[in-house]
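Participant: What follows is a single structure, and I will ask about it in a moment.
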C-alpha cells in the first residue's frame, strides 16, 4: 500500500510552471514542449484547452497526479496515473525504468517494461521528469526538474543530488554556430576510499 504523506506534487508543479524559488546556477533554463512522441499503444494526447494551465491541487495523490498530467498536456490513462503515483508520491527521487517497473510489479500495477520506458520518456518530454545518463549505459529519471547536479555513488549505483545550489562552471565551452546550450548535467562520480 502506498503512503501519500510525503507527496510533494505542489512543489513539483510550482517548479514546473516557473514559480519555484530562484537559485543561483550557471545552467541555462530549458524550454519544455507539450509535443511528446508516441512510442506505444497508449498515445500522448493533448487535453485541449486545459493543456498548459495551472493545475488545481487538493492534496489527494490520485487527483493531483491527474491534474499534473492534464496540465502537462498528457491524457491521464490508468497506466500513467499509476506510474505517476509511484514516481511522484515519494518526493524527489532518482529511478531507472527497471527500478520503477519493479515498484509497479510489487504494487500490482499491470504494466510492461516497454510501457514504463515509454511513459518515462513521455513525462520527460512533457517536462515533468529530468533524464540523467551515467556512463551512457544507465539512465536515471529525476523527479526534481530544477537546475541541479549529481553525485553518482559507484559502489551502490545510486544517483544523489549535490546539495550545493551555488555550484557553477567557471567557463562554458564555445557553442557551434546554429546551436545553443539546452542544459548542463554534471555528474561527479564517487567511490569508497580504499
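The values are calculated or read from the model by the stated rules, or taken from the named source; none is laboratory data. Predicted, not measured: the structure shown is a model, and the values here were computed from it. Cβ: placed from backbone, ideal geometry, glycine included. Neighbour counts: every protein chain shown.
Participant: Please find, within the stretch 98-113, the residue that is surrounded by the fewest Cβ atoms within 10 Å (Cβ to Cβ) out of those that are assigned to a helix (DSSP H, G or I) and in contact (Cβ under 8 Å) with a residue 12 or more places away in the chain.
Facilitator: Ranking the qualifying residues of the stretch 98-113, first place goes to 98.
Participant: Here's another thing I want to ask about it. Within the stretch 73-85, can one find any residue that is out of contact with any helix residue (DSSP H, G or I) (no Cβ under 6 Å at 6 or more places or on another chain), on the phi > 0 side of the Ramachandran plot and at pLDDT 85 or above?
Facilitator: Yes: one or more hits.
Participant: Of all residues in the stretch 83-97, how many are surrounded by fewer than 17 Cβ atoms within 10 Å (Cβ to Cβ) and within 22 Å of residue 182 (Cβ to Cβ)?
Facilitator: 1
Residue by residue, here is whether (1) modelled with pLDDT of 90 or more; (2) assigned to a helix (DSSP H, G or I); (3) more than 30 Å from residue 167 (Cα to Cα); (4) in contact with a helix residue (DSSP H, G or I) (Cβ under 7 Å, 6 or more places away or on another chain) holds:
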{"residue": "23", "(1), (2), (3), (4)": "no, no, no, no"}
{"residue": "38", "(1), (2), (3), (4)": "no, no, yes, no"}
{"residue": "42", "(1), (2), (3), (4)": "no, no, yes, yes"}
{"residue": "46", "(1), (2), (3), (4)": "no, no, yes, no"}
{"residue": "49", "(1), (2), (3), (4)": "no, yes, yes, no"}
{"residue": "58", "(1), (2), (3), (4)": "no, no, yes, yes"}
{"residue": "62", "(1), (2), (3), (4)": "no, yes, yes, yes"}
{"residue": "115", "(1), (2), (3), (4)": "yes, yes, yes, yes"}
